[in-house]
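Colleague: Before anything else, here's the structure in question.
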Amino acid sequence: RVVIFKEGADKAEEVIPSSQIDSNKPEDLWSYLSDYEEKTNGEILAIPHNGNLSQGKLFALDQSNGQPLDATYAKNRARWEPLLEVTQVKGDSETHPTLSPLDEFADYETWNGAKYSEFYGAAGNWMRPYEYARSGLKLGLQQQATLGINPFKFGMIGSTDSHTSLATADNDNFWGKNVVNGPAYPNRMLDPRYPDANAENIELGWRLNAAGYAGIWATENTREALFDAMKRKEVYASTGPRMTVRFFGGWDYEQDDAFKPDLASIGYAKGVPMGGDITNAPNGKSPNFLIRAVKDPDGANLDRVQVIKGWHDKNGELQEKVYNVALSDNRKENWRGKVKPVGSTVDIKDASYTNTIGDSELAVVWKDPDFNQDELAFYYVRVLEIPTPRWTAYDAKFFELKDIPEEIPMVTQERAYTSPIWYSPGK
């Protein structure tokens with residue numbers, strides 16, 4: 001976990017730091033966080049790392065003592081861990097193709113390093129539901145139905161997890177996870193380097209993901225305001241592009257609200273922002289969502305905006321569905337719900353692309369066509385860019401590399417994930 005203090009160092013100096021040396025149990029960390037707030041009258045929270053290498057532990061359905069989750073655990077987890085790092089240098093953990101087989105964009109920067117192959121073979125498939133964010137959000141609904149409290153009610157951010165002191169999550173300026181796998185080594189994509197006795201097993205190299213960043217909707221650019229925004233989960237994750245994404249949910253948005261200049265004011269006035277909750281569905285109404293995504297000013301155009309819905313159905317089963325809610329280039333879904341790909345302008349040899357496809361901005365008010373007012377649900381937005389060169393393509397061009405194995409990807413389709421908005425039936 002990364003621990004974030006609302007106050008500065010003077011407040012933190014009032015307590016002794018806690019680390020894994022003291023305990024590797026999250027429950028003990030939460031106890032420390034509680035003690036910190038009581039002793040200092042300050043505020044603090046913890047953010048779990050990307051879950052894809054957690055060996056099935058991040059969303060495990062038992063506590064550190066081996067007992068099943070209970071209401072106390074659920075309350076503490078939701079209280080002290082309001083956010084999750086969902087993308088970073090060691091891969092992406094929004095979802096996995098085995099967990100979301102109907103999602104054509106699920107297999108994004110999926111980490112399959114050799115060090116972890118013993119966990120990711122056929123025998124390790126059982127771990128994946130307890131490692132990836134979308135599955136964790138669904139498991140949270142299941143626990144809410146059982147315990148009355150959702151332990152996995154988290155917003156989503158990106159981070160680098162790099163150890164270079166540099167914020168370089170752009171594919172055309174990627175400095176690696178560590179200095180030893182930075183661009184000082186021209187063949188770094190094929191020659192994994194890491195200051196570790198198990199270097200031959202880690203296989204970093206080309207598998208590294210040039211990601212990510214945290215987008216925070218704060219009222220002002222101060223430490224306190226940023227912390228408050230993180231605590232209320234009004235945040236989103238980016239795999240690198242600095243795109244702007246707004247997401248509001250409510251019952252009364254109108255179609256033209258998406259195109260008004262005061263979209264944010266309308267969003268707050270009629271509903272809740274990303275990270276919020278809606279409940280008590282009016283009779284005959286489905287929730288509708290106000291969405292706007294704007295490209296990175298220095299980056300690629302947008303391919304599409306999608307809403308990912310997860311829900312706990314009347315039979316107690318967990319479901320998910322991906323909706324294409326806004327498409328660039330005036331594309332439409334066909335009768336099967338499929339969409340023609342946006343295409344690609346990537347020139348791999350030149351490590352370049354053009355913005356002659358896609359749109360610079362996509363906005364929409366979308367209503368859930370499959371809403372059931374009696375079912376727990378969550379919704380979050382995924383925004384996809386058009387295809388662009390991956391960092392490996394930039395390396396290949398700059399260092400004039402030859403005979404690159406075909407398994408190494410040269411093209412990427414970067415994206416952003418918002419924090420969810422949750423729906424609960426009225427009490």
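The values are calculated or read from the model by the stated rules, or taken from the named source; none is laboratory data. Quick caveat, the model's predicted, so the values are computed rather than measured. Quick reminder, even Gly has a Cβ in these numbers, built from the backbone with ideal geometry, and neighbours come from all protein chains shown. We work out accessible area using only protein heavy atoms, side chains counted, and drop any ligands, DNA or RNA first. Shrake-Rupley method; radii C 1.70, N 1.55, O 1.52, S 1.80 Å.
Colleague: Modelling each spin label as a point 7 Å along the Cα-to-Cβ direction, I'd like the E37/K260 distance in nm, to one decimal.
Modeller: Spacing of the two 7 Å Cα→Cβ label points: 3.5 nm.
Colleague: Output ³J(HN,Hα) for region 234-245: one whole-Hz value per residue in order, computed from phi by the Karplus curve 6.51 cos²θ - 1.76 cosθ + 1.60 with θ = phi - 60°, and x for Gly and Pro.
Modeller: 8, 9, 8, 9, 10, 7, x, x, 8, 7, 10, 10
Colleague: Right, next: Could you pull the Cα extents of region 315-427 along its three principal axes, largest to smallest, in whole Å?
Modeller: Here the spans come out as 63, 30, 25 Å, largest first.
Colleague: Could you tell me what fraction of 2.2 N^0.38 Å the Cα radius of gyration of region 1-102 comes to, as a two-decimal ratio? Please report the intermediate quantities before stating the final value.
Modeller: On the way: Rg = 15.4 Å, N = 102, 2.2 N^0.38 = 12.8 Å.
Here the Cα radius of gyration is 1.21 times the empirical estimate.
Colleague: Using a 7 Å offset from Cα along Cα-Cβ at N24, what residues in region 30-60 end up with backbone N under 15 Å from the label point?
Modeller: What the label zone holds, given the 15 Å backbone N cut-off, is 53-58.
Colleague: Determine the gain in length on full extension of the stretch S352-D313; use 0.36 nm per residue of separation and subtract their C-alpha separation, reporting nm with one decimal. Before the final figure, lay out the partial values.
Modeller: Numbers: separation 39, 0.36 × 39 = 14.04 nm, distance 4.56 nm.
Stretched out fully, the S352 to D313 stretch lengthens by 9.5 nm.
Colleague: Which listed residue (N24, N372, T244) has the Cα farthest towards the positive end of the charge dipole for the chain, taking +1 on Lys and Arg C-beta and -1 on Asp and Glu C-beta about the Cα centre?
Modeller: Final value for the positive-end residue is N372.
Colleague: Net charge near K397: determine it from the other residues with C-beta under 11 Å of the C-beta of K397, scoring Lys and Arg +1 and Asp and Glu -1.
Modeller: Numbers: positive: K349; negative: D172, D347, D350, D395, E400.
Combined, the nearby Lys, Arg, Asp and Glu give -4.
Colleague: OK, next. Computed FRET efficiency, Cβ-Cβ of I16 and F399, R0 56 Å: what is it to the nearest 0.05? Spell out each step's value before the answer.
Modeller: Numbers: r = 48 Å, r/R0 = 0.85.
According to the calculation, E is roughly 0.75.
Colleague: What Kirkwood hydrodynamic radius do you get for region 233-324 when you take the inverse of the mean 1/r over all pairs of distinct Cα atoms, in Å? Present the calculation step by step, with values, prior to reporting the outcome.
Modeller: Details: mean 1/r = 0.0666 Å⁻¹.
One over the average 1/r among Cα pairs gives 15.0 Å for region 233-324.
Colleague: At a probe radius of 1.4 Å, what is the per-residue accessible area of R188, in Å² to the nearest 10?
Modeller: The value for R188 is about 10 Å².
Colleague: Check cross-link reach from K397 to the lysines: straight Cα distance under 24 Å, and skip same-chain residues fewer than eight apart.
Modeller: Cα-Cα hits under 24 Å: K90, K177, K349.
Colleague: Less than 15 Å apart at the alpha-carbon level, and either on another chain or at least 8 residues along: which aspartates and glutamates does that give for K367?
Modeller: D252, E254, D256, D257
Colleague: Turning to a different aspect of this structure: Counting Lys +1, Arg +1, Asp -1, Glu -1, what net charge surrounds K138 among other residues with beta carbon under 15 Å of its beta carbon? The partial results should precede the final answer.
Modeller: Details: positive: R128, R134, K153, K309, K321; negative: E94, D103, E131, D313, E317, E320, E375.
For residues surrounding K138, the net value is -2.
Colleague: Give the longest segment of the chain that steers clear of GluC sites (Glu not before Pro) in DSSP loops with at most 10 neighbouring Cβ atoms within 10 Å, not counting the sites themselves.
Modeller: So the longest stretch without any such site is 14-219.
Colleague: Can you pull the Kirkwood radius for the chain, inverse mean 1/r over Cα pairs, to one decimal in Å?
Modeller: Values: mean 1/r = 0.0443 Å⁻¹.
After inverting the pairwise mean of 1/r, the radius is 22.5 Å.
Colleague: What spacing in nm lies between the two simple spin-label points modelled at R331 and W251, each 7 Å away from Cα in the Cβ direction?
Modeller: 3.6
Colleague: Net charge within 13 Å of E37 by Cβ-Cβ distance, Lys/Arg positive one each and Asp/Glu negative one each, not counting E37 itself?
Modeller: Working: positive: K6, K11, K39, R79, K231; negative: E7, E14, D35, E38, E43.
Every neighbour counted, the sum reads 0.
Colleague: Each residue of region 63-69 in turn: what ³J(HN,Hα) in whole Hz from Karplus with 6.51, -1.76, 1.60 and θ = phi - 60°, glycine and Pro shown as x?
Modeller: Once θ is set to phi - 60°, the couplings for region 63-69 become 7, 5, 8, x, 7, x, 4 Hz.
Colleague: How far is it, in nm, from the label point at K321 to the one at R223 when both lie 7 Å from their Cα along the line to the Cβ?
Modeller: For the pair K321/R223, the computed spacing is 4.7 nm.
Colleague: What full-extension length gain, to one decimal in nm, is calculated for K75 and S286 as 0.36 nm per residue of separation minus the Cα-Cα distance?
Modeller: Working: separation 211, 0.36 × 211 = 75.96 nm, distance 2.86 nm.
My answer for the length gained is 73.1 nm.
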